[in-house]
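J.: Please read through the structure below; I'll follow up with questions.
Readers should treat all values here as calculations from the given coordinates under stated rules, not as data from a laboratory. Computed from a prediction, not measured in an experiment: that's the story for all the values here. For neighbour counting, all protein chains shown are included, and Cβ atoms are generated from backbone atoms with ideal geometry for every residue, glycine included.
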Amino acid sequence: MNILNNDINGKIKSDDQTIPQGKRVFWQQGGGDGERDYIDICIKFEVILNGPGYAGPLNDETIQILHDDGISKIAIADRKRFAFIMKSGDIVALKIGLQKIYAVGIVVGDYQWSDLFGDVDGWSIQHVRRVKWLWVAPKDSEGQYLPKDFKANVLKQGTTLLLDNPKVLQWIDSLHLDFTKKYEVKDLPAVDSKKVQIEEIAEFLYAKGTSSNSIERLVSAIDDLQMIAKWYKSVDYVSEFETESYLIIPLLRALGWTPQKMAVEWKNVDIAIFNRLPREDQNLIAVVEAKRKGKSCLMAYSQAYNYAKDKENCNRLIVSDGLRYGIFVKHQKKYKLHAYMNITDFRERYEIYDCAGIKEAIWAMTPDWHYDA
């Protein structure tokens with residue numbers, strides 16, 4: 001693969017990017033978009049990420065797979081810059097959009113591929129570069145980042161691009177960061193690639209006291225939902241109503257919730273779940289916020305929280321696009337991501353979210369669930 005071409009001026013050309021040889025290079029790297037944000041993951045694990053990475057480490061073979069799958073030449077060029085042009089010692093500004101920077105750091109080591117990041121809120125972004133963050137945006141009292149906001153479009157549209165805007169470079173210089181030291185990063189967690197079998201889910205639920213008849217119905221329903229979900233992966237547009245009707249509600253029914261205790265479009269809640277009748281605020285036990293297929297489900301947490309925050313007995317928030325589910329549970333008046341699951345890819349655990357996988361997710365959506373400290 002001819003990744004680099006030297007021109008007569010002693011510069012390196014990589015597609016539309018021209019990089020001076022022998023000089024430290026500054027990059028801008030996306031950490032999400034208006035819909036999805038994985039800034040916290042990048043900072044916590046000292047990484048920058050790119051994708052799609054489902055085909056495996058970037059090489060001739062996997063590039064051809066991406067091309068055959070319809071990934072554009074521009075997008076493939078972006079991945080080549082990330083894997084083959086960026087180098088250890090380069091400087092990275094982690095950004096979202098065209099105006100905001102959340103962190104600045106130095107690249108440490110070579111390109112890697114890690115399945116640890118195989119499902120980041122639905123994105124397959126296993127292409128990895130390690131970065132020692134030297135400046136990170138502060139947070140406000142609510143734990144939200146306060147990024148450097150240039151109030152103007154000073155950054156470029158794209159994931160991995162050269163950073164050459166004078167205003168941004170001057171601001172980075174004003175931080176007086178030490179780019180001359182040799183930095184190390186902490187090891188990434190081991191990837192638990194263990195796939196969970198449906199029989200394991202059944203055994204887990206049986207141990208929790210679920211009846212064998214209920215488990216049998218659930219296993220049958222999951223088989224059907226997996227087929228529907230896999231088919232939906234090939235469909236460009238699936239409405240939120242379809243997500244609710246054909247994926248989320250059938251799963252909730254299979255888990256034991258009756259129609260009487262599930263209200264659809266109840267007081268601006270997509271699906272309200274009650275532990276008893278009548279359908280009143282004091283009986284609300286869980287809120288389900290649905291997104292259409294392909295949209296971020298975890299970013300829907302704030303919307304679900306706003307519905308539930310003043311409902312004392314609401315102990316679960318469930319966010320889903322029909323394929324993926326995030327279950328937040330309330331403990332000591334605070335909600336925390338308890339489990340995450342992908343109905344087409346059963347996993348034991350998700351290290352990037354420090355939460356359980358499909359077994360605990362399924363259990364946490366049942367009527368019999370209770371919080372175990």
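J.: Can you tell which of PHE241, TRP363, TRP266 lies farthest toward the positive end of the dipole of the range 198-364, using +1 and -1 charges on the Cβ of basic and acidic side chains (Lys, Arg; Asp, Glu)?
T.: TRP266
J.: Continuing with this model, one more query. How long is the gain from LYS87 to SER220 if the chain were fully straight, where each residue apart is worth 0.36 nm and the alpha carbon distance is subtracted? Could the numbers behind the result be given before it?
T.: Working: separation 133, 0.36 × 133 = 47.88 nm, distance 4.99 nm.
Fully extending the segment from LYS87 to SER220 adds 42.9 nm.
J.: Which helices count as membrane-span-like in the chain under these terms: full DSSP H, at least 20 Å along the axis by C-alpha, Kyte-Doolittle mean of -0.5 or more?
T.: Within the chain the helices that satisfy the rule are 212-232.
J.: What distance in nm lies between label points placed 7 Å from Cα along the C-beta direction at ASP345 and ALA263?
T.: 3.7 nm
J.: Does the range 198-364 come out rounded, prolate or oblate, given a ≥ b ≥ c as the square roots of the eigenvalues of its C-alpha gyration tensor, rounded meaning a/c under 1.5 and, failing that, prolate meaning a/b above b/c?
T.: Since a/c stays below 1.5, the shape of the range 198-364 is classed as rounded.
J.: A further question on this structure: Modelled label-to-label distance, GLN197 and LYS182, 7 Å Cα→beta-carbon offset: nm?
T.: Going by the 7 Å Cα→Cβ label model, 4.8 nm.
J.: As a quick test, which of the pairs LYS23/LYS186; LYS151/LYS295; LYS132/LYS309; LYS167/LYS309 have an alpha carbon distance above 31 angstrom in this structure? Don't jump to the answer; show the numbers that get you there.
T.: Numbers: LYS23/LYS186 27 Å; LYS151/LYS295 27 Å; LYS132/LYS309 37 Å; LYS167/LYS309 42 Å.
Listed pairs above 31 Å: LYS132/LYS309; LYS167/LYS309.
J.: Got a sec? Charge dipole of the chain, +1 on Cβ for Lys and Arg, -1 for Asp and Glu; which of ASN342, TYR183, LEU205 is way out at the positive end?
T.: The Cα lying farthest towards the positive end belongs to TYR183.
J.: Then there is this: For the residues VAL92, VAL196, VAL235, what sequence is obtained by ranking on other C-beta atoms within 10 Å, fewest first?
T.: So the ranking, lowest neighbour count to highest, is VAL235, VAL196, VAL92.
J.: Each residue of the range 250-257 in order: what ³J(HN,Hα) in whole Hz does its phi give by Karplus 6.51 cos²θ - 1.76 cosθ + 1.60, θ = phi - 60°, with x for Gly and Pro?
T.: Values per residue, Gly and Pro as x: x, 5, 4, 4, 5, 7, x, 7 Hz.
J.: Could you give the size of the charge dipole of the range 5-174 about its Cα centre, using +1 on the Cβ of each K and R and -1 on the Cβ of each D and E, expressed in debye and rounded to the nearest 20? Before the final figure, lay out each step's value.
T.: Values: 21 positive and 23 negative charges, 163 e Å.
It comes to approximately 780 debye.
J.: Based solely on its DSSP helices, what 222 nm [θ] is calculated for the chain when runs of n ≥ 4 H residues each add -39,500 (n - 2.57) and the sum is averaged over all residues, nearest 500 deg cm²/dmol?
T.: -6500 deg cm²/dmol
J.: Related question: For Cα pairs less than 8 Å apart in space and 6+ apart in sequence, what is the mean separation divided by the residue count of the range 193-285, i.e. the relative contact order in percent? Present the calculation step by step, with values, prior to reporting the outcome.
T.: Numbers: 57 pairs, mean separation 16.1, N = 93.
The value is 17 percent.
J.: Right, next: To check you understand DSSP bridge types, tell me what percent of the beta bridges within the chain (both residues inside) are antiparallel, rounded to 5.
T.: Working: 57 of 68 bridges.
The answer is about 85 percent antiparallel.
J.: Please report, in debye to the nearest 20, how large the charge dipole of the chain is about its Cα centre when each Lys and Arg carries +1 at its beta carbon and each Asp and Glu carries -1 there.
T.: The dipole of the chain has a size of about 980 debye.
J.: If you don't mind, another one. Note down the relative contact order for the range 5-174 as a percent, whole number, built from C-alpha pairs under 8 angstrom at least six residues apart.
T.: Averaging sequence separation for qualifying contacts and normalising by length gives 27 percent for the range 5-174.
J.: State the extension gain, in nm to one decimal, for the chain segment bounded by LYS132 and ILE65, taking 0.36 nm per residue of separation less the distance between their alpha-carbons.
T.: Numbers: separation 67, 0.36 × 67 = 24.12 nm, distance 3.16 nm.
In short, 21.0 nm is gained.
J.: Figure the gain on full extension for TRP171 and GLN144 (residue separation times 0.36 nm, minus the Cα-Cα span) and round it to one decimal in nm.
T.: 7.5 nm
J.: Is there a quick way to get the dipole size of the range 198-364? I mean about its Cα centre, with the Cβ of Lys and Arg at +1 and of Asp and Glu at -1; what is the value in debye to the nearest 20?
T.: Its charge dipole is roughly 480 debye.
J.: Quick one: if you stick a label point 7 Å off each Cα along the C-beta vector at LYS333 and GLN99, how many nm between them?
T.: The answer from the label model is 3.6 nm.
J.: For the chain, just say rounded, prolate or oblate: build the C-alpha gyration tensor, square-root its eigenvalues into a ≥ b ≥ c, call rounded for a/c under 1.5, and beyond that prolate if a/b exceeds b/c, oblate if not.
T.: Details: a/c = 2.34, a/b = 1.83, b/c = 1.28.
Cα axes put the chain in the prolate bin.
J.: Take the Cα of ASN313, step 7 Å along the line toward its Cβ, and report every residue of the range 253-286 whose backbone nitrogen sits under 11 Å from that point.
T.: 274-286
J.: For a footprinting-style exposure proxy, rank HIS338, HIS370 by other Cβ within 10 Å, fewest first.
T.: The fewest-first ordering by Cβ neighbours comes to HIS370, HIS338.
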